[in-house]
1. What helices (runs of 4 or more DSSP H) completely inside the stretch 111-200 contain at least 2 residues that are under 24 Å from the mean Cα position of the chain (by Cα)?
2. Just name the residue that is nearest to ARG177 (Cα to Cα) out of those in the stretch 113-150 that are hydroxyl-bearing (Ser, Thr, Tyr) and either in the same structural domain as SER336 (by TED's automatic domain parsing) or modelled with pLDDT of 90 or more (or both).
3. In the stretch 24-42, is there at least one residue being touching a helix residue (DSSP H, G or I) at 6+ places or on another chain (Cβ under 6 Å), of a type in the set (Gly, Ala, Ser) and assigned by TED's automatic domain parsing to the domain that holds ARG84?
4. Tell me, please, whether a residue that is touching a Gly at 6+ places or on another chain (Cβ under 8 Å) and surrounded by fewer than 17 Cβ atoms within 10 Å (Cβ to Cβ) can be found in the stretch 161-175.
5. Across the stretch 13-33, what is the number of residues that are surrounded by 18 or more Cβ atoms within 10 Å (Cβ to Cβ) and at pLDDT 90 or above?
6. What's the number of the only condition in (1) buried (at least 16 other Cβ atoms within 10 Å of the Cβ); (2) in a helix (DSSP H, G or I) that THR318 fails to meet?
7. Out of all the residues in the stretch 92-110, which are over 30 Å from GLY204 (Cα atoms) and either within 25 Å of the chain's Cα centre (by Cα) or at pLDDT below 85 (or both)?
8. Which residues, counting only those in the stretch 356-382, are loosely packed, with under 14 Cβ neighbours inside 10 Å, in contact with a helix residue (DSSP H, G or I) (Cβ under 9 Å, 6 or more places away or on another chain) and within 28 Å of TRP342 (Cα to Cα)?
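The values are calculated or read from the model by the stated rules, or taken from the named source; none is laboratory data. Only a predicted model underlies this, so the values are computations on that prediction, with no experimental measurement involved. With ideal geometry, Cβ positions are generated from the backbone for all residues, glycine too; neighbour counts draw on all protein chains shown.
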Amino acid sequence: MSSQKSNEFWLNQLKEQLKQQGYSPQTARRQPLVAERFLAYLNEQHIAVENAEASNVALYLENELRLFRRRHCHAPRSSRNGWRHSHTAGIHMLLRLAQGKWPPATVPSNPREVFHREILGHYDEWMQGFLRLVSGTRCDRCAEASRFLVWLGERGSNQQNLLKIMITDVDAYMTFRSESQRRNSLQFLATNVRSFLRHLHYAGRIATNLSTAVMGPTLYAFESIPSSLRPEDVKAAVETTRKDHSQSGLRDYAILMLLSSYGLRAGEITSLRLEDVDWRSDVLRVYHSKTGVHSELPLLPSVGNAILDYLRKGHPKTQAREIFLISHAPYRPFKSGSCLYWPVRHRLAAAGVNPAGKRGPHAFRHARAVSMLRAAVSPKGIGDILGHQSARSTTTYLKLATEDLRAVALEIPGEVSA
C-alpha cells in the first residue's frame, strides 16, 4: 500500500468515526483537514502514521504556529491552548485509529523507573492471580505502591537498596501520608501499604515482613452514620428529572430509576450493556464489579419503560454496546461510575434537594437499603439485592435505621479490625 493510499485510508477511517460518534458537521469537516495536513508533514519527514511519536506532533505544531505568525503577522487571537486543541483533536483521533492507543504509554527514562514498573507489574499480577482482586482495587493499591516507591527516593531505586528499608521508613511514610486525612482514609491507606509490603516480602524483595507493623486506626461498626436521602428527596429528584425530555434528561431519569429501585452502585450502572436487559423474561443482569459476581434482578416495569424510552428517543446512534453514554460527541460510554456524580448532583439540585451529606449515586443506594429494611426485607435479602457477599457489608447501610433494627435479628460485629 503506497503512502498516499495509506493516508487516504486513514482519512476515510477518521471521517467515518466522526460520523458514527455524532460530531457536528463543522467539526466533521475541520478535523479531517487538520489530520490531512499532519499526514502531509509526516510524509515530508518520511514517517509512517503508524510510527508517529509525540515529538512529531510537537514539532508539527511548532511549524504550524510559525506559519500562522508569518501569514497573519500575529499570534493566534484565541488562547494558546485553544489554538493547540483545535489543531490536535483530529490528529489525536487519527493516531488512535492508526496505533490503537494515544498518547502512547510512557517509556521509562531511567533505571529507577524501569525498576518501579517491574515491581508494580508483578504486584498487579500477584493481586489478580493470587488474591483475585478486581481491577479497581488493584489500581488503587498500585497507585499507593507507586507513591511509596517514589517517596523512598534512592532507597527505592534498585533491588539492593530496597532490601535495606526498615520499619522506620514505613512509619515515616505513613506520617507523611496521614496529614489531614480522615480516620476512614487512614484505615484505607494502612490496608494498601500493608498489602504492598506483604507482596514485597512474598516476592523476596524485602527481608522482613514489615506489613505486620503497619498500624491503622480501629474503626467500630457504628462509629459513623452514612448519609442518606429521605424518601421525599428521592421522589422529588426522580419526578423532576422525568419532566426533562431532552437526551440527557431521558438518560438521567433511567439512571435515577435504577438507583432508586435497586440501589445499584454507579459502576454497575455505567457497565450495563444492551444484552444485560432480557426483555422477554423481564430480567436485568448486573455485574457487581466490587465482588466480581453476577446477579439477576426482576426488571420492574417502571425501570424497563425508562430504559426503553431512553434507548428509543435519547440514545445516540453508535456502535457502543453500553446502555448509558455521555450526551455529547464523541458519544462514548462513561469511563467509570464516578462520572455519574455530577449528573446525579445536578438532578438533586434541580429538584431543590440539598442534603447535608452525600449528594451522589451512593446516597440513593443508602436510601434504598433503608426503604427495604422498613418494608421488612431481611438483611440477607437486602444484601442479595445490593450485591453483598457478607452480612458485615450490609450492616454499613443498616446504621441509617437503627430503630428498625429492633425488629430484625442480626448479629452485628462490635469491632472491625484494622
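1. Those helices (runs of 4 or more DSSP H) span 111-129, 135-152.
2. SER146
3. Scanning the stretch 24-42, I find at least one residue that is touching a helix residue (DSSP H, G or I) at 6+ places or on another chain (Cβ under 6 Å), of a type in the set (Gly, Ala, Ser) and assigned by TED's automatic domain parsing to the domain that holds ARG84, so the answer is yes.
4. Within the stretch 161-175 (the criterion being touching a Gly at 6+ places or on another chain (Cβ under 8 Å) and surrounded by fewer than 17 Cβ atoms within 10 Å (Cβ to Cβ)), the answer is no, since none of the residues qualifies.
5. So the answer is 3.
6. (2)
7. Across the stretch 92-110, the qualifying residues are HIS92, MET93, LEU94, LEU95, ARG96, LEU97, GLN99, GLY100, LYS101, TRP102, PRO103, PRO104.
8. GLY357
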